[in-house]
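Here is the structure we will look at.
The values are calculated or read from the model by the stated rules, or taken from the named source; none is laboratory data. On a predicted model such as this, the values are computed, not experimentally measured, just so you know. Using ideal geometry, Cβ is built from the backbone for each residue, glycine included, and neighbour counts are taken over all protein chains shown. Ligands, DNA and RNA are stripped out before the accessible areas are found, and what is left, the full protein with its side chains, is counted by its heavy atoms. Shrake-Rupley method; radii C 1.70, N 1.55, O 1.52, S 1.80 Å.
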Amino acid sequence: MSAKFDNVLRLIRANDKNNSVRIINQDNFNPEIFDVISDSRDVKEGTLFAAIKGDTSDGHNYINNAESKGACAVLCEREVNSKLPQIIVPRVRDYLGEVASLVYNHPSSKLLMVGVTGTNGKTTTTYIIRSILQAAGIKTGLLGTIIESDGDTEKDADRTTPESCIVQRQLFNMVNNNCGACVMETSSHGLYLGRLKGALYDVAVFTNLYPELLDFHLNMDNYFAAKKLLFTDYTKPNFTGAANFDDLFGKRLLAEFYGKIIGFGLSEDADSKVVVSHTTINGTDLAIECNKYGSIRLHSPLVGDFNIMNTLCAVTAMRGRIDDSAIIDGVANVPQVPGRLERIDLQNGACCFVDFAHTPSALRSVLSVIRKLSGNDARIISIFGHGGGRYEKNRPELARSASEFANEIIITSDNARDEDPQLIANSIAEGASIPYKIILDRAEAVKFALDNSKKGDILVITGKGPEKFITIKNKQIPYNDSQEIIKWRDSH
């Protein structure tokens, strides 16, 4: 794992279409580069330091710190006062992934790469696909919203799609750990900002597209264009994939990549569809019919219509690459996905479900499943908030979704960031048509619901799922919904 400075420079110049790259302080210096780092705190001897200018921090301010720790060169966007060789480019992220891929010896070329994009269902779909691959005897890494796993060890994920140099290092670690595959959530931010550069995918998967992150993308066409980059810019020549036939934007992908990807859905006209399904509280039995690969019968421990779609999506993506017997085993043994309809039973006869649902459509899906499985007589209490700096029009829509299926709503805080939690809660409340209460402290809101629960009640706590912090005034405070529930349960 290394590359000469000259080879890195040659790669960058080959991708410099406007002849805009400048070199400072080279002087025939040709060090061996062993690592590519964008956080100066992680720099060590033999590191190429990438100075990224982000929204809140500018890596150029940390170049001298990187130099003192042993960095041998810098990839940056402007000249700085440093003795290190500086490769100055218009935008670091446009080159960083390819450079890291070179230094780490092109790890994505050595793995079966599966990328999953879309608004809802990405995390569960990646868990199902990983379970399928492992059932086929393929050691598989996973990068996503909840965890980062290199095949041997796993840790909590900082963000869905890390910077490209981190992605490349993680892929390199998977190769070193004898993984044969990587399954990865590919966020619209990550795709748009170039965090996937240097990685190419064998399988590209599109789940669905709903209004979200429009504060960043501005409109649905821009949001879709970012998701579509997985298929246009990050695939290997003979890639295959799957897209949601029931989704307007999925249909657009299917038309553009006709013959390359298979359309899945509940519609009769979908190429891969569910023809029989039966769900109980203990799981789902389903039969999938695919025009290309025939029928397959499966049992999944997951419940709900959205998990039927997640299973259909994963199975469609892997058929033709993995034997049906391994697909059947993988689906049957998929583990509980943390914070994805995660059930916790209480000693008083009530139960809780923790889910990441944070859009109106996702919340509606979760609550409709729980209402269907529990019957009309169950009392459902929906507990949620909404993130600060996120699409504001979703706030009253969340309450409207909850009002369709729940009996009561407790409006609380999510990651308010630098917004006023009370104003967010007031905006949510505008959409409520059933009784509601506002308790801004999330731990207190959950405790209030638990204290007032009784046998047969169902508490549905949504929005944060497996997250272990709550962000208020841009400070991260330790907090986890499931841990709060378990702490209450164990003390009663």
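Values computed for the structure shown
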{"item": "Positive-end extreme of charge dipole, segment 13-60 - chosen from S20, T47, F34 (charges on Cβ)", "result": "S20"}
{"item": "Accessible surface ranking that places the most exposed of Y62, Y127 first, with a 1.4 angstrom probe", "result": "Y62, Y127"}
{"item": "Per-residue HN-Hα couplings for segment 376-385 [Karplus 6.51, -1.76, 1.60; θ = phi - 60°; Hz; x = Gly/Pro]", "result": "6, 7, 5, 8, 9, 10, 9, 10, 6, x"}
{"item": "Mean Cβ count within 10 Å, highest first, over the residues of peptides 221-230, 160-169, 142-151", "result": "160-169, 142-151, 221-230"}
{"item": "Cα gyration tensor shape of segment 354-492, rounded if a/c is under 1.5, else prolate or oblate by comparing a/b with b/c", "result": "oblate"}
{"item": "Ordering of 355-366, 73-84 by packing [mean C-beta count within 10 Å, highest first]", "result": "355-366, 73-84"}
{"item": "Under 5 Å, built H, 5+ apart or other chain: amide partners of I262", "result": "G241, A242, A243"}
{"item": "Nearest-ten-degree value, helix 122-135 long axis tilted from longest Cα axis of the chain", "result": "80"}
{"item": "Highest average packing first - 330-341, 481-492, 11-22, 276-287, Cβ atoms within 10 Å", "result": "330-341, 481-492, 276-287, 11-22"}
{"item": "Amide proton proximity set for I410, modelled H, under 5 Å, gap of 5+", "result": "S382, I383, F384, K437"}
{"item": "Cα gyration tensor shape for segment 209-282, rounded if a/c is under 1.5, else prolate or oblate", "result": "oblate"}
{"item": "Pairs beyond 18 Å (Cα-Cα), from K110/K228; K139/K197; K236/K260; K110/K197", "result": "K110/K228; K139/K197"}
{"item": "Selected from Q347, L298, C165, residue furthest toward positive end of dipole (the chain; charges at beta carbon)", "result": "C165"}
{"item": "Net charge of neighbours whose Cβ lies under 10 Å from the Cβ of K447, counting Lys and Arg as +1 and Asp and Glu as -1", "result": "-2"}
{"item": "Derived scalar couplings ³J(HN,Hα) [segment 180-185; Karplus, 6.51 cos²θ - 1.76 cosθ + 1.60; whole Hz; x for Gly, Pro]", "result": "x, 8, 9, 10, 9, 6"}
{"item": "With Cα atoms, 0 to 90° folded angle of helix 442-451 axis to the chain main axis", "result": "20"}
{"item": "Segment 380-401 versus segment 151-223: alpha-carbon centroid distance in Å", "result": "26"}
{"item": "Estimated dipole of the chain in Debye, rounded to 20 [Cβ of Lys and Arg +1, of Asp and Glu -1, Cα centre]", "result": "380"}
{"item": "Test item: Cα-centred dipole of segment 108-260, Lys/Arg +1 and Asp/Glu -1 on Cβ, debye", "result": "420"}
{"item": "Degrees, to the nearest 10: 305-318 long Cα axis against longest axis of the chain", "result": "40"}
{"item": "Nitroxide proxy distance, nm - points 7 Å out along Cα→Cβ at K236 and Q336", "result": "3.6"}
{"item": "Local electrostatic count, D6, Cβ distance below 14 Å [Lys/Arg +1, Asp/Glu -1]", "result": "+1"}
{"item": "Debye, to nearest 20: dipole size of segment 420-492, +1 on Lys, Arg Cβ, -1 on Asp, Glu Cβ", "result": "160"}
{"item": "Cα centroid separation, segment 1-64 to segment 469-492 (Å)", "result": "40"}
{"item": "Dipole of the chain, positive end: most advanced residue of L9, T240, M309 [Cβ charges, Cα centre]", "result": "L9"}
{"item": "Segment 61-207 - percent relative contact order, Cα under 8 Å, separation 6 or more", "result": "31"}
{"item": "Kirkwood Rh, Cα atoms: Rg over Rh of segment 16-55", "result": "1.03"}
{"item": "Between segment 414-443 and segment 68-106, the Cα center-to-center distance that results, in Å", "result": "44"}
{"item": "Partner aspartates and glutamates for K393 [C-alpha distance under 17 Å; skip if fewer than 8 residues away on the same chain]", "result": "E212, D215, D414, E419, D420, E430"}
{"item": "Table column - 3J(HN,Hα) (Hz), segment 47-61, Karplus curve with 6.51, -1.76, 1.60, x for Gly and Pro", "result": "9, 8, 8, 9, 8, 9, 8, x, 6, 10, 9, 10, x, 4, 6"}
